[in-house]
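Data first, discussion second: the structure below is written as structure tokens.
The values are calculated or read from the model by the stated rules, or taken from the named source; none is laboratory data. The structure displayed is predicted, hence computed values, not measured ones. Virtual Cβ from ideal backbone geometry, glycine too; neighbours counted across all protein chains shown.
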Amino acid sequence: MSDPRPHPALREWRAHLLHPLTLTALAAVSVVLWLIGPFGTLSSLSLLPRAVYWTVLTVLGYVIGYLIAYAVLRPSLSGRAHLARILLAGCLTGFAMTALVSALNWPVFGVVPFGPGSLTLAGTTLVISVIVMAVIDLFSRHLSPAPADAPETVPLLDRLPFDKRGALVAISVEDHYVRVRTTKGEEMILMRLADAIREVGATPGAQVHRSHWAAFDQVAAVTRDGDRAVLQMTIGGDIPVSRRHIPTIKEAGLLPR
């Protein structure tokens, strides 16, 4: 059974074309062309036919340009220079629009395709198409949501059973093992503390003792013990802070400087 849902590229195109900003821009361009009547349309067409003529060309030109740039060229030219892609898309769109304008001008004005003035029409259409492609590219980047940053991985958590993979709280040495404490439990892993610390990723924390690492965002309270300190963690037992690591927790804002 075929999937009734539209293709992702079709959904993207539909969302782009029906976006209020796109519709407003197309309407504004159509009205301007309708009022000024370029290429002799001001004198050769009355008000309503001129409005229909330029609205059709504006919308079809934009649709053709978008499809060429993002359905045809984007998958195959993703690695090319940005300007080169715009120029190539503009030229291809210009050729397509030249054929479209020639076909439309035949019944409207009685101008035979590929007759006198065809080269001028083609050149003008190519220039306009390149400009339109630059506008489409600008709109597409503005309308497309920025990709969300990929979550920072914590390789150490991959060593834990799935049901214990929570936010890191502390890592402590016990013989040749380290006890990894998370918000979902604890696990003993055969590895060195230094190696475990290298796998905490971007988790905010630091080694605060020769046998302990603590996550700063899991510290519930800090108490001084002479020239040392003790971290009360949100889960599990306290973590001692040695004298040499006092500056570290001060730098983290856990103690006054």
*Within the stretch 156-209, which residues are within 35 Å of the chain's Cα centre (by Cα) and of a type in the set (K, R)?*
R159, K164, R165, R181, K184, R198
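Residues to consider are P38, P20; find the one that is surrounded by fewer than 14 Cβ atoms within 10 Å (Cβ to Cβ) and at pLDDT below 75.
Being surrounded by fewer than 14 Cβ atoms within 10 Å (Cβ to Cβ) and at pLDDT below 75 holds for just one of P38, P20, which is P38.
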*For the stretch 41-66, enumerate the residues that are crowded, with 17+ Cβ neighbours inside 10 Å and closer than 20 Å to L87 by Cα.*
T58, G61, Y62, I64, G65, Y66
*If A220 satisfies every condition in (1) loosely packed, with under 12 Cβ neighbours inside 10 Å; (2) modelled with pLDDT of 95 or more but one, which is the exception?*
(2)
*out of contact with any strand residue (DSSP E or B) (no Cβ under 7 Å at 6 or more places or on another chain), closer than 22 Å to R14 by Cα and either free of Cβ contacts under 8 Å to residues at least 24 places away in the same chain or not small (G, A, S) (or both), is that true of T24?*
yes
*Could you tell me which numbered condition F162 fails, if it satisfies all but one of (1) hydrophobic (A, V, I, L, M, F, W, C); (2) surrounded by fewer than 11 Cβ atoms within 10 Å (Cβ to Cβ); (3) farther than 30 Å from T203 by Cβ; (4) modelled with pLDDT of 65 or more?*
(3)
_Quick check on the stretch 94-104. Is at least one of its residues assigned to a helix (DSSP H, G or I), in the same structural domain as S129 (by TED's automatic domain parsing) and at pLDDT below 75?_
yes
*Please indicate, with yes or no, whether at least one residue in the stretch 77-90 is within 17 Å of L60 (Cα to Cα) and at pLDDT 70 or above.*
yes
*Going by the structure shown, is G253 within 38 Å of the chain's Cα centre (by Cα) and in a loop (DSSP other than H, G, I, E, B)?*
yes
*Residue tally, condition farther than 21 Å from E199 by Cα and either of a type in the set (V, I, T) or in contact with a His (Cβ under 7 Å, 6 or more places away or on another chain) (or both), over the stretch 214-233*: 3
